[in-house]
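*Asks:* Got a structure for you, written out below as structure tokens; questions coming shortly.
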Amino acid sequence: MPDVLILYATKHGHTEKVATRVARALERDGVTADVHDAEAPTRPVARDYDAVIVGASIHAGHHQRAIVDWAKSHRTSLSTMPSAFFSVCLTAADDTDESREATRRYIDEFLDETGWIPRKTETFAGALQYREYDFATRLLVRLMMRKAGHPTDVSDDYDYTDWDSVDDFAHECAAMLAADPLGRRGR
Ligand SMILES: Cc1cc2nc3c(=O)[nH]c(=O)nc-3n(C[C@H](O)[C@H](O)[C@H](O)COP(=O)(O)O)c2cc1C
């Protein structure tokens with residue numbers, strides 16, 4: 001069994017990319033990771049791992065229900081092990097008080113709803129993936145992006161993620177695991 005579970009939820013694949021990037025960075029630090037889709041039929045069990053990293057994206061103001069439910073049902077195990085949560089959204093790409101407040105609120109609402117207090121939380125700016133959207137979604141997102149001053153050329157995708165920050169987050173998670181008093185497989 002790998003050391004770390006990275007459980008993610010995604011709508012158009014960007015959070016999966018972030019989760020995979022975290023896994024690769026962990027591997028460079030000697031930590032193996034099991035990257036698992038929260039919507040897959042098999043449901044991983046938190047206590048089978050030494051640490052858990054959960055990631056989800058924001059759509060219409062909320063993280064995916066599958067991740068919220070999983071975190072809620074595993075919060076007791078999660079509270080006894082190194083754990084981290086990352087959120088992926090577009091407000092994190094904006095530099096305004098309003099967007100910073102929204103970005104904070106997404107995390108706060110997730111923690112309130114699940115009752116889980118991860119040792120580390122992080123938000124990454126996501127991506128605009130016009131080419132992945134169906135017609136109605138493309139239209140809706142284009143309207144929202146016009147208001148927010150983001151690109152509206154739907155023939156292209158736009159990646160706002162700071163990938164170095166993703167690597168930094170992974171290294172900090174590896175350090176958290178190394179510093180865990182119960183040690184690897186010691187719990
Ligand atoms: C229909 C739709 C609604 C969205 N709603 C929000 C939102 O309310 N707040 C936000 O910050 N980002 C919002 N986003 C942006 C996504 O969080 C961003 O595109 C992210 O990278 C999606 O990741 P995923 O592909 O893993 O689902 C929305 C995106 C779409 C397509």
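The values are calculated or read from the model by the stated rules, or taken from the named source; none is laboratory data. A quick note: this is a predicted structure, and the numbers were derived from the prediction, not measured. Don't worry about glycine lacking a Cβ; one is built from the backbone with ideal geometry, like all the others, and counts go over all protein chains shown.
*Asks:* Looking at the range 107-127, which of the residues that are within 12 Å of the ligand (Cβ to nearest atom) and surrounded by 22 or more Cβ atoms within 10 Å (Cβ to Cβ) is farthest from Ala174 (Cα to Cα)?
*Replies:* The residue in question is Ala127.
*Asks:* Do we have any residue at all in the range 96-103 that's within 15 Å of the chain's Cα centre (by Cα) and either away from the ligand (no atom under 16 Å from the Cβ) or crowded, with 22+ Cβ neighbours inside 10 Å (or both)?
*Replies:* Looking only at the range 96-103, we keep the residues that are within 15 Å of the chain's Cα centre (by Cα), and these are 103.
Okay, now just the ones that are also either away from the ligand (no atom under 16 Å from the Cβ) or crowded, with 22+ Cβ neighbours inside 10 Å (or both), so none.
No, every residue in the range 96-103 fails to be within 15 Å of the chain's Cα centre (by Cα) and either away from the ligand (no atom under 16 Å from the Cβ) or crowded, with 22+ Cβ neighbours inside 10 Å (or both).
*Asks:* Checking the conditions here, which among Ala93, Ala170 is within 10 Å of the ligand (Cβ to nearest atom) and either of a type in the set (Gly, Ala, Ser) or more than 16 Å from the chain's Cα centre (by Cα) (or both)?
*Replies:* Details: Ala170 fails: within 10 Å of the ligand (Cβ to nearest atom).
Every option except Ala93 fails the conditions.
*Asks:* Glu39 versus (1) among the acidic types (Asp, Glu); (2) over 18 Å from the mean Cα position of the chain (by Cα); (3) farther than 17 Å from Cys173 by Cα: which is the lone unmet condition?
*Replies:* Single failed check for Glu39: (2).
*Asks:* Go through the range 55-90 and count every residue that is loosely packed, with under 14 Cβ neighbours inside 10 Å, among the polar types (S, T, N, Q) and near the ligand (Cβ under 9 Å from one of its atoms).
*Replies:* Total meeting the criteria: 0.
*Asks:* Also: May I ask you to list the residues in the range 63-80 that are out of contact with any helix residue (DSSP H, G or I) (no Cβ under 7 Å at 6 or more places or on another chain) and farther than 23 Å from Ser165 by Cβ? Write out each step before concluding.
*Replies:* Kept after step one, since they are out of contact with any helix residue (DSSP H, G or I) (no Cβ under 7 Å at 6 or more places or on another chain), are these residues of the range 63-80: 64-67, 69-70, 73, 76, 79-80.
Answer for the range 63-80, where residues must be out of contact with any helix residue (DSSP H, G or I) (no Cβ under 7 Å at 6 or more places or on another chain) and farther than 23 Å from Ser165 by Cβ: Arg65, Ala66, Asp69, Trp70, Ser73, Thr76, Ser79, Thr80.
*Asks:* Among the candidates Ile58, Ile6, single out the residue that is hydrophobic (A, V, I, L, M, F, W, C), within 21 Å of Tyr133 (Cβ to Cβ) and at pLDDT 95 or above.
*Replies:* It is Ile58.
*Asks:* Looking only at residues that are surrounded by fewer than 24 Cβ atoms within 10 Å (Cβ to Cβ) and among the hydrophobic types (A, V, I, L, M, F, W, C) in the range 6-33, which one is farthest from the ligand (Cβ to nearest atom)?
*Replies:* By that ranking, first place goes to Val31.
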